[in-house]
Amino acid sequence: MQESETGTRQGPSQYLKMESSGKKYVRHGDLVLQGLTKKFGSFNAVDSINLTVRNGEFLTLLGPSGSGKTTLLMMIAGFVDPTAGQIILDGSDISNLPPEKRNFGIVFQGYALFPHMTVEENIAYPLEVRHQSRSMISERVKEMLDLVQLHGLGSRYPRQLSGGQQQRVALARSLAFGPRILLLDEPLGALDRKLRVEVQNELKDLHSRTGTTFIYVTHDQDEALSMSDRIAIMDRGQIVQLDGPTALYENPVSVFAANFLGKSNFVRTTIMDIDKTGMQFRTGDFLIRQKIRQSGLAIGNKATLAIRPEKIRILDPSKSEKFNNSTNAVIRRISYFGNVLEIELVAPSIGEITASVPAWQFQGSHSPGQSVTLCWDEDAAVIVRDDDAVGET
Amino acid sequence: MTSTALRRFNPYWMLVLPVTAAVALLYIAPIINILFLSVTDPQPGLGNYQKLVESDTLIRLIWTTIRVCLITTFFAVSLGYLVAYTMMHALEGQRRWMLSILMISFWISVLVRTFSWLMLLGRTGLVNETLISVGVISDPIAFVRNEVGVLIGMVDYMIPYAVLPLLANMRGIDPRIMSASRSLGASNLQTFVRVYLPLTKPGVIAASLLVFISSLGFYITPAILGGGKVLMIAEYISVQLLVTVRWGTAAMLASIMLISVLLLMYILNRFMKLGTIFGGDVR
């Protein structure tokens, strides 16, 4: 699989600068994973992962269940022994350090609060096992309760709190001792949809206020996109792509990445022409022109284009001026999602295509069976690796 | 009025009526009869209960019973905690094996197990013979026919009773809570003392009460392994009934036992629903 940092095409400026100034430059506080592998029998749950988590960043491990993201997180936490590879923090290998010596906070799925302790006692726990002074502990507990806005609930027991409040206690507890890194394992899984968005904002806020490195595991693309500085998309134990949310969404490297983060249409084509400003592709007798410059491709190669549904435009064929990349299609089905309409089309030249258009603009103006023209801009498509088709680039 | 009474009457009660009647006639009636005997035999009044404070024999008897039961409870629950803890942390296959062994010992008759201890620990038993032939000791150690023998036999018999409620309790604890403790900087030992032990407190209390209650009525084990030197309440009752024929005293002791058992059961039920103790329904 292609590893990540070299694949960065665009991203938050700080990382761009950092990575162009020297690929292997490691700052103080960066967590470096080298060839990290976990095998269960002959099954590679995590398959030689190389990854540098920058100090202070919000990194999300995004992948379907079974992609190895939780195993990777538990290896970083120290609960799963790696089969091979190293975890390096500030120049020393911590792979053999027990979890309690790593100083990483963890927010578990289901929070794992101590049910026999009050909120205050939960938050004080990491300080007590570190033998801090009484006065320091009570001050810090107060500080943490303020940080997660739970003042006044300190003497309650976890079972007397709502899911969202328990979530915040778990956060306060794992941040109370000033951890080097905070690891979060699908912490929003148990919350309902509306609360989830609220806690997402709080998490982001908390991240910027504390400046702690967050490593966040989820299978939810919305959570990943809205909170992360960088996202690592994982599949079958490997990192498929690592980049900022915008870059990942705009430039997926593979069919899997394009499909897992958002939806995408795929058009399988042959390269007809390459010039300074872009390339020309052909599928059937449909010619597609894109402003893509990518090395390693030659005329005659096969290429799979990925086009996001919202970049497909639907035009009335009667007043169709000659747009580039336009072809005839018939509407097969329209699904209403409140904010958008998803229009499934069949184009004779390229097969099935889904377009996503603002509902307020298109409501009622189209119906199944109607003939239309669809087109997309010259910068709308990207070339992706087709995992299913062997022998193609 | 008759219509509401009729509506309240559920005809399905008729189905359990024969069984209810049998229980009432054969079980509840004799119990009431015993309670009755304790205040009427040999003459009406609380004379039988007065003996509890007057008779040295009875005071010593009750003290012995309580002491033996407390020591048994302590060791059975401590050892049972170790067994349950090990079972929780064993692999699935090993856990099944351990549970089968536990259940088999649970089902073997108390008589058989008591005699096995006699064979093992007697003056010419396996343990003493081995120790003498190896040369560790020259005279056999008196393991049985004393209080130590009774305790060994009772603790052994009671361990499964301690393990089952503890297992039910431990199964209900989310293992992530212990992981959370480790991640917060607590060592394995700190995690055990500050998190695991408090969370298993209901299980320990339930196991202790269950073992204590069951120990109170022990008859065969003290009789055989105690060699007549360790007199516990159940054996004394039997002697009063069959040998000295003082039914009033026997009935009084039985009543005392019944009341204390019911009281302890009530406390036990507050800590753990009785149905969950034998692991049938963990939730």
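The values are calculated or read from the model by the stated rules, or taken from the named source; none is laboratory data. As the structure is a prediction and not an experimental result, all values here were calculated from the model. Ideal geometry is used to build each Cβ from the backbone, glycine not excepted, and the neighbour counts take in all protein chains shown.
Restricting attention to strands (runs of 3 or more DSSP E) lying wholly within segment A:279-365, give those where 2 or more residues are among the basic types (K, R) and closer than 19 Å to A:N265 by Cβ. Break it down stepwise before answering.
Values: elements: A:279-283, A:286-290, A:302-307, A:313-315, A:326-336, A:340-347, A:351-358.
Counting at least 2 such residues, we get A:326-336.
Does segment A:257-265 contain at least one residue that is in contact with a His (Cβ under 8 Å, 6 or more places away or on another chain) and assigned to a strand (DSSP E or B)? Scanning segment A:257-265 turns up no residue that is in contact with a His (Cβ under 8 Å, 6 or more places away or on another chain) and assigned to a strand (DSSP E or B). Listed by first and then second residue, the pairs with beta-carbon distance under 8 Å, at least 6 apart or on different chains, first residue in segment A:125-146 and closer than 19 Å to A:V169 by Cα, second among the aliphatic types (A, V, I, L, M) and loosely packed, with under 15 Cβ neighbours inside 10 Å, are A:L127/A:M136. Residues in segment A:86-125 that are surrounded by fewer than 20 Cβ atoms within 10 Å (Cβ to Cβ) and at positive phi: A:D90, A:G91, A:N103, A:G110. Quick check on segment A:134-150. Is at least one of its residues within 14 Å of chain B (Cβ to nearest Cβ) and part of a loop (DSSP other than H, G, I, E, B)? So far as segment A:134-150 goes, no, none of its residues is within 14 Å of chain B (Cβ to nearest Cβ) and part of a loop (DSSP other than H, G, I, E, B).
When B:V230 is tested against (1) within 14 Å of chain A (Cβ to nearest Cβ); (2) at pLDDT below 90, exactly one condition is not met: (1). Taken over segment B:184-201, residues that are at the interface with chain A (Cβ under 7 Å from one of its Cβ atoms) and surrounded by fewer than 20 Cβ atoms within 10 Å (Cβ to Cβ) amount to 4.
Answer yes or no: is there a residue in segment B:44-58 that is within 22 Å of B:A162 (Cα to Cα), hydroxyl-bearing (S, T, Y) and surrounded by 13 or more Cβ atoms within 10 Å (Cβ to Cβ).
Initial filter on segment B:44-58 (within 22 Å of B:A162 (Cα to Cα)): none.
No: zero hits.
Within segment B:253-268, one or more residues are buried (at least 21 other Cβ atoms within 10 Å of the Cβ) and under 16 Å from B:T73 (Cβ atoms). Would you confirm whether any residue within segment A:305-321 is farther than 19 Å from A:R289 by Cα and of a type in the set (A, V, I, L, M, F, W, C)? No, that holds for no residue.
Screening segment A:169-182 for residues that are within 24 Å of A:Q221 (Cα to Cα) and crowded, with 24+ Cβ neighbours inside 10 Å and picking the one that is nearest to the other protein chains (Cβ to nearest Cβ) gives A:A170.
Determine which member of the set B:A76, B:A22, B:A84 is modelled with pLDDT of 90 or more and farther than 30 Å from B:I101 by Cβ. Explain how you work it out, then say what you get.
Values: B:A76 fails: farther than 30 Å from B:I101 by Cβ; B:A84 fails: farther than 30 Å from B:I101 by Cβ.
After ruling out the rest, the residue left standing is B:A22.
Within segment B:124-138, does at least one residue satisfy the condition of being touching a helix residue (DSSP H, G or I) at 6+ places or on another chain (Cβ under 9 Å) and among the charged types (D, E, K, R)?
Step one: list which residues in segment B:124-138 are touching a helix residue (DSSP H, G or I) at 6+ places or on another chain (Cβ under 9 Å), which gives B:125-128, B:136-138.
Then keep just the ones that are among the charged types (D, E, K, R); that gives none.
The answer is no, given that none of the residues of segment B:124-138 is touching a helix residue (DSSP H, G or I) at 6+ places or on another chain (Cβ under 9 Å) and among the charged types (D, E, K, R).
Determine, yes or no, whether B:R95 is under 17 Å from B:Y219 (Cα atoms), among the basic types (K, R) and surrounded by 12 or more Cβ atoms within 10 Å (Cβ to Cβ). Write out each step before concluding.
Numbers: under 17 Å from B:Y219 (Cα atoms): no; among the basic types (K, R): yes; surrounded by 12 or more Cβ atoms within 10 Å (Cβ to Cβ): yes.
In short, no.
Among the conditions (1) farther than 21 Å from A:V32 by Cβ; (2) among the aliphatic types (A, V, I, L, M); (3) surrounded by 21 or more Cβ atoms within 10 Å (Cβ to Cβ); (4) touching a helix residue (DSSP H, G or I) at 6+ places or on another chain (Cβ under 7 Å), the only one that A:A190 does not satisfy is (3). Of all positions in segment A:350-360, none carries a residue that is closer than 14 Å to A:R308 by Cα, in contact with a Phe, Trp or Tyr (Cβ under 7 Å, 6 or more places away or on another chain) and in contact (Cβ under 8 Å) with a residue 40 or more places away in the chain. None of B:S109, B:S100, B:S181 is within 14 Å of chain A (Cβ to nearest Cβ) and of a type in the set (G, A, S) except B:S181.
Based on what the data block shows, is A:L175 under 22 Å from A:D30 (Cα atoms) and at pLDDT 95 or above? Write out each step before concluding.
Working: under 22 Å from A:D30 (Cα atoms): yes; at pLDDT 95 or above: no.
Against the criterion (under 22 Å from A:D30 (Cα atoms) and at pLDDT 95 or above), A:L175 does not qualify.
Just one of the listed residues (B:I173, B:I152, B:I137) is hydrophobic (A, V, I, L, M, F, W, C) and facing chain A (nearest Cβ under 10 Å), namely B:I173. With the structure loaded, tell me whether B:I132 is of a type outside the set (D, E), within 30 Å of B:R270 (Cβ to Cβ) and surrounded by 14 or more Cβ atoms within 10 Å (Cβ to Cβ) or whether it fails that test. When the stated conditions are applied, B:I132 does not pass them. Of the residues making up segment A:87-111, those that are more than 7 Å from chain B (Cβ to nearest Cβ), touching a helix residue (DSSP H, G or I) at 6+ places or on another chain (Cβ under 9 Å) and β-branched (V, I, T) number 3.
Could you list, in sequence order, the residues of segment A:183-211 that are part of a loop (DSSP other than H, G, I, E, B), within 14 Å of another protein chain (Cβ to nearest Cβ) and over 18 Å from A:L225 (Cβ atoms)? Give the steps one after another, and end with the answer.
Let us first name the residues in segment A:183-211 that are part of a loop (DSSP other than H, G, I, E, B), namely A:186-192, A:211.
Remaining after also requiring within 14 Å of another protein chain (Cβ to nearest Cβ): A:186-187, A:189-190.
Once the filter is applied, which keeps residues that are part of a loop (DSSP other than H, G, I, E, B), within 14 Å of another protein chain (Cβ to nearest Cβ) and over 18 Å from A:L225 (Cβ atoms), segment A:183-211 yields only A:A190.
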